[in-house]
Amino acid sequence: MKKQDDLFELIKSLSVSEKRYFKLSVSVQKGEKNYLKLFDAIDKQEKYNELEIKKGFAGNVFIKQLHRTKYYLYNLILKSLTAYYSSSSVDSELKELLQQVKTLLEKGLYKQCEKIISKTKLLAEKYEKHLALLELSDWEIRLMYRQSYKGKTAKEIERCYKDTFSEANKYINYKEYEQISARMFVRTNKKGYSRTNTDLLAYKSITDHPLLRSEDKTISYHSLSVYYTIYSSYYLLQNDYTIAYSYTQKKVKFMEAHPYQIGENIQSYVTALTNLILCQLNLKKYTEVVLSLKKLKEINTKSQNIQSRIFYTVYNSELTMHIDKGEYTQGIKLIPSIQNGLGKMGFSKEANMILSYGISQVYFGAGNYQDALIYLNKIINDTGINMRSDVYCMVKIMLLIVHFELGNEELLEYMEKSVHRYLDKNERLYRVETSILDFMRKTVPKIITPQERIKAFKKLKAEIEEITQNTYEKKALEYFDFISWLESKIEKRPFAVIVKEKARSLSRATR
């Protein structure tokens, strides 16, 4: 595979406002600005083609040293981005203040230096910027040393060193929690949700860390925030949405009690809200979902990455609600907006895959099997298999069901073998998946009469209902409502009607 060009990647990552800011920031410079011509040429390309660039600028002197112009442009864009985001960043403000401390100390303006240290400390303490506070303690000690400790008592000097050790401990404590969190996410990215006792024990070994025995082990805002994240993630991975809901709710309320921290780390708040919405969806708390989505939509951020994350969460959640309620025609109305957003924003392959899967579900529920097939094939053809294996496995199962609905039964035997090989190889077989595969391979070819078909569907339904009594196996029903689909076949009623009736019945029961 050809190595991606760094400059091309950087330019393509820029939002419209970031590009505008860059061009305004360099407009004051004098000279020919060949780098701007190069910027525009690269920006127009869908895939980086250096040969095309060289042909387009043939005869221009700068093209003979293209690598230098690219290097200069790359650094110019980074400087522009730094300036673009610096005004809203506490870290940038602290960096500037720390530089002032250094400058004043070197010039021997000790009283002024002391004032800036005090001012900077207040800001760093508010946001719990441990590294900045450590550096400030260091400058404070240097300042006392430069003045030969004149006017300072032994108690004041000891207090300064005590503050240094305290901040160091807070930082280490935070990083220890962060390390535990990283261990969990590394395993999650590789294995996904727990599907066996072995998976459960692996996650349990991570959460058995002494620091996770109590909230009291946390000694800072950031440590407690990560503590909540670890436990909400752990219970999400165990499919225990009730306990996960309590931890995600705690984290969101905790962050909202510190609004200045949200402003400094919007990404963390977006993640917390996203996890809360996931729990609310699985617990059918749709009124709460709407309120949480409203909070997401109201977030104002310059970051295109965060905007994309919010867009994905909002539309994926809305699709999920319509699917759960059997409101498939309402879900279809979202598709043009989703497609428009996918064309404008940069999404990961996984986000594209999950949104496409959601779209295939609303088409399936509406009985539009051909369009459902288009989106399922889009996932298979566009993302490859190095994506979240749980969703990818279900895509392959859904392909079989859609072909069954389309009457393409001659394809089922070949497809079933292909799907079985993939699932065996990746060790991601739910027993539900196995039952569906066996049904398509062994039972469907033998069915002759309508009565035999109904009997076969009833047998498969009973089998899946028994299997999904298991906590791990029940997870499969979150990807697709196999039981309602089988009931629609047995009762000869539309799938959407059955799902909608169940949703209304559940809503009445939980009031």
Unsatisfied cross-links (Cα-Cα over 20 Å) in the set K70/K344; K302/K349; K325/K349; K455/K475; K19/K70: K70/K344; K302/K349; K325/K349; K455/K475
Cα-centred dipole magnitude for the chain, charges only on beta-carbon of K, R (+1) and D, E (-1), debye, nearest 20: 900 debye
Burial ranking of peptide ranges 373-380, 224-231, 331-338 (average Cβ count within 10 Å, highest at the top): 224-231, 373-380, 331-338
Nearest 10 degrees, 0 to 90: helix 241-256 Cα axis against the chain principal axis: 30 degrees
Percent RCO, i.e. relative contact order, over the range 277-424, from Cα pairs under 8 Å lying at least 6 residues apart: 17 percent
Whole-number Å³ per residue for the convex hull built on Cα positions in the range 453-511: 89 Å³
Cα-based convex hull volume of the range 197-246 per residue, rounded to whole Å³: 69 Å³
Normalised contact order of the chain, rounded percent, pairs of Cα under 8 Å and 6 or more residues apart: 9 percent
In nm, spacing of pseudo-spin labels at V290 and S118 (7 Å Cα→C-beta vector): 5.3 nm
Ellipsoid equivalent to the range 396-511 - semi-axes via the Cα gyration tensor, in Å: 24, 19, 12
Interatomic Cα distance distribution for the range 90-152, bins of 10 angstrom, percent: 23, 57, 19, 1
Which of L342, T229, I262, positive extreme of dipole for the chain (C-beta unit charges): I262
Two-decimal Rg to Rh for the range 1-82 - Kirkwood Rh, Cα set: 0.94
Coarse-grained scattering of the range 1-147 at q = 0.11 Å⁻¹, given as base-10 log I(q)/I(0) from a Debye sum over alpha-carbon atoms: -0.63
Cα long-axis angle, helix 369-383 against the chain (0 to 90 degrees, to the nearest 10): 40 degrees
Prolate/oblate/rounded call for the range 282-363, Cα gyration tensor, a/c under 1.5 rounded: oblate
About the Cα centre, charge dipole magnitude for the range 60-213 (Lys/Arg +1, Asp/Glu -1 at Cβ), debye: 400 debye
17 Å Cα-Cα reach of K417 towards aspartates and glutamates, excluding residues that sit fewer than 8 places from it in its own chain: E409, E427, E433, D438
When the range 201-352 is reduced to its Cα atoms, the Kirkwood hydrodynamic radius in Å: 16.7 Å
Coarse-grained scattering of the range 102-240 at q = 0.18, 0.19 Å⁻¹, given as base-10 log I(q)/I(0) from a Debye sum over alpha-carbon atoms: -0.96, -1.02
Computed lengthening from D43 to D138, 0.36 nm per intervening residue step minus Cα-Cα distance: 29.7 nm
The chain, helix-only ellipticity at 222 nm - DSSP H runs n ≥ 4, -39,500 (n - 2.57), divided by all residues, nearest 500: -24500 deg cm²/dmol
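Laboratory data are not the source of any read-out in this text; all were calculated from the coordinates shown. Owing to the predicted nature of the structure, the values given are computational and were not obtained by experimental measurement. Here the Cβ is made from the backbone with ideal geometry for all residues, glycine too, and neighbour counts use every protein chain on show.
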